[in-house]
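**Student:** Take a look at the following structure, please.
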Amino acid sequence: SQKIEQNSEALNIQEGKTATLTCNYTNYSPAYLQWYRQDPGRGPVFLLLIRENEKEKRKERLKVTFDTTLKQSLFHITASQPADSATYLCALERDSGYALNFGKGTSLLVTP
Amino acid sequence: NAGVTQTPKFQVLKTGQSMTLQCAQDMNHNSMYWYRQDPGMGLRLIYYSASEGTTDKGEVPNGYNVSRLNKREFSLRLESAAPSQTSVYFCATQKGDSPRGEAFFGQGTRLTVV
């Protein structure tokens, strides 16, 4: 069966450090992978999309890598800030071609 | 430009009652979705609509019905609510046709069935 796995344990890091979150998947052949941020009581908000032919993508302090051989994506936040504290979700397109399947998310806490 | 708007934001139902969750988008996207989010389970797709006039079951459709009223609106109906349907419900729409891109979510409806 298809699975999207993210670290279930919360990640606690100090302000200014780089946070690295992992997304592993099985039984997908994705054309792209997406990352979202979710704050408590809010809906997920899109951050980045990386296509299968892209190894790395950056947006401001965010960097995503995508290794289709390892079936893994890494999400990095450099120079992290307390405002980066949230749950981060990775997502892959469903076989139907419509909608996304989401991992359960990793909670990030950045402390001053 | 409101994006994706859901109503209501909060609702408490008694077991067996019915209700409809409303969702409207002003982004002119063809595809719309309903997800539920439960602690430890993540987001699970209930139903989706690829375009106006079409709907399909997702991962957890039992106990729900949907209507794609027009391009803008996609409603989710609980005919006879059960405590297992206590959850946070999100409506979403997705950019593009092929390939599709980023998804946009509403603010959610927190539903409690007692």
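The values are calculated or read from the model by the stated rules, or taken from the named source; none is laboratory data. A quick note: this is a predicted structure, and the numbers were derived from the prediction, not measured. Virtual Cβ from ideal backbone geometry, glycine too; neighbours counted across all protein chains shown. For the accessible areas, the whole protein counts, side chains as well, though only heavy atoms, and no ligand, DNA or RNA atoms are used. Shrake-Rupley method; radii C 1.70, N 1.55, O 1.52, S 1.80 Å.
**Student:** Can you pull out the residues in the range A:4-40 that are within 26 Å of B:ASP38 (Cβ to Cβ), charged (D, E, K, R) and not in a strand (DSSP E or B)?
**Tutor:** Hits for the range A:4-40 are A:GLU9, A:ASP39.
**Student:** A follow-up question, please. For the range A:41-63, give me each residue that is in a strand (DSSP E or B) and closer than 14 Å to A:LEU92 by Cα.
**Tutor:** A:PHE46, A:LEU47, A:LEU48, A:LEU49, A:ILE50, A:ARG51, listed by residue number.
**Student:** Can you give me the number of residues within the range A:12-57 that are within 14 Å of chain B (Cβ to nearest Cβ), more than 30 Å from B:THR5 (Cα to Cα) and either surrounded by 18 or more Cβ atoms within 10 Å (Cβ to Cβ) or out of contact with any Asp or Glu (no Cβ under 9 Å at 6 or more places or on another chain) (or both)?
**Tutor:** Of the residues in the range A:12-57, 5 are within 14 Å of chain B (Cβ to nearest Cβ), more than 30 Å from B:THR5 (Cα to Cα) and either surrounded by 18 or more Cβ atoms within 10 Å (Cβ to Cβ) or out of contact with any Asp or Glu (no Cβ under 9 Å at 6 or more places or on another chain) (or both).
**Student:** Using the structure shown, decide if B:GLN22 is away from every other protein chain (no Cβ under 14 Å), open to solvent by 10 Å² or more (accessible area, probe 1.4 Å) and either more than 24 Å from A:ILE4 (Cβ to Cβ) or touching a residue at least 12 places away in the same chain (Cβ under 8 Å) (or both).
**Tutor:** Against the criterion (away from every other protein chain (no Cβ under 14 Å), open to solvent by 10 Å² or more (accessible area, probe 1.4 Å) and either more than 24 Å from A:ILE4 (Cβ to Cβ) or touching a residue at least 12 places away in the same chain (Cβ under 8 Å) (or both)), B:GLN22 qualifies.
**Student:** Mind listing whichever residues of the range A:72-103 are open to solvent by 40 Å² or more (accessible area, probe 1.4 Å) and either more than 15 Å from A:LEU21 (Cβ to Cβ) or touching a residue at least 60 places away in the same chain (Cβ under 8 Å) (or both)?
**Tutor:** A:THR78, A:ALA79, A:GLN81, A:PRO82, A:ALA83, A:GLU93, A:ARG94, A:ASP95, A:SER96, A:TYR98
**Student:** Kindly evaluate A:THR106 against the criterion of being over 17 Å from B:ARG100 (Cβ atoms) and surrounded by 13 or more Cβ atoms within 10 Å (Cβ to Cβ).
**Tutor:** yes
**Student:** OK, next. Does A:THR111 satisfy the condition of being open to solvent by 10 Å² or more (accessible area, probe 1.4 Å), among the β-branched types (Val, Ile, Thr) and within 26 Å of B:SER31 (Cα to Cα)?
**Tutor:** Taking the combined requirement at face value, the residue does not satisfy it.
**Student:** Among what's in the range B:2-18 and is open to solvent by less than 20 Å² (accessible area, probe 1.4 Å) and of a type outside the set (Val, Ile, Thr), pick the residue that is farthest from the other protein chains (Cβ to nearest Cβ).
**Tutor:** Among residues in the range B:2-18 that are open to solvent by less than 20 Å² (accessible area, probe 1.4 Å) and of a type outside the set (Val, Ile, Thr), the one farthest from the other protein chains (Cβ to nearest Cβ) is B:LEU13.
**Student:** Quick one: would you say A:LEU92 is within 22 Å of B:VAL88 (Cα to Cα) and either modelled with pLDDT of 95 or more or not in a loop (DSSP other than H, G, I, E, B) (or both)?
**Tutor:** Considered against the rule, which asks whether it is within 22 Å of B:VAL88 (Cα to Cα) and either modelled with pLDDT of 95 or more or not in a loop (DSSP other than H, G, I, E, B) (or both), A:LEU92 comes out as yes.
**Student:** For A:VAL64, state whether it is within 10 Å of the chain's Cα centre (by Cα), open to solvent by less than 60 Å² (accessible area, probe 1.4 Å) and of a type in the set (Val, Ile, Thr).
**Tutor:** Judged against the criteria, A:VAL64 is a match.
**Student:** Kindly indicate whether any position in the range B:28-35 is surrounded by fewer than 17 Cβ atoms within 10 Å (Cβ to Cβ) and either facing chain A (nearest Cβ under 9 Å) or modelled with pLDDT of 95 or more (or both).
**Tutor:** No.
**Student:** Of everything in the range B:72-94 that's in contact (Cβ under 8 Å) with a residue 60 or more places away in the chain and within 9 Å of chain A (Cβ to nearest Cβ), which residue is surrounded by the most Cβ atoms within 10 Å (Cβ to Cβ)?
**Tutor:** B:CYS91
**Student:** Mind checking which strands (runs of 3 or more DSSP E) fall wholly inside the range B:11-112 and carry at least 2 residues that are among the aliphatic types (A, V, I, L, M)?
**Tutor:** Output list reads B:19-25, B:42-49, B:74-78, B:87-94.
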